[in-house]
Amino acid sequence: MVGWLESESAKEIKVVWVTGRPGLGGGREFEEYLSRSLLAEGLNSVEALSEESAPSGLAELGRVLLAASVDTPFVMVIDNFHEIHDERILKELVDLVGRYRHFHLYVCCEADIRWRSWWPAHSKCT
């Protein structure tokens, strides 16, 4: 995956990389990490003032995708996806893939996750 992204660096693409790890399995933790990742890549300028007002990382991603040029591919890589246990996360990501043709989602994991009952059988996710 890293080699492919490096080969694409000459092209104009937006990339955000999120690495799942123990403790990020819940939705809130993942969204906070996604929010920080978007901010670190300069893709979002919204910073939470307090924990109570922390923005939703998926909502922020949706706003970023809406504002992005459809001519510029936007790639999101979730490494160690097997660490994410909140089915709402995948469902919302798949919804974003369906809504934005320039959004490409790649999930990398150590185990075959198709066994999860909530994995969309015919999703465009790779």
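The values are calculated or read from the model by the stated rules, or taken from the named source; none is laboratory data. If you're wondering where the values come from, they're calculated on a predicted model, not measured in any experiment. Glycine gets a Cβ as well: all are built from the backbone with ideal geometry, and neighbour counts include every protein chain shown.
Details
- The residue pairs whose first member lies in the range 10-36 and is within 16 Å of F81 (Cα to Cα) and of a type in the set (S, T, N, Q), whose second member is part of a loop (DSSP other than H, G, I, E, B) and at pLDDT 75 or above, and whose beta carbons are closer than 8 Å, counting only pairs six or more residues apart or on different chains, are T19/N80.
- Screening S56, S69, S35 for residues that are under 13 Å from the mean Cα position of the chain (by Cα), small (G, A, S) and at pLDDT 85 or above leaves exactly one candidate, S35.
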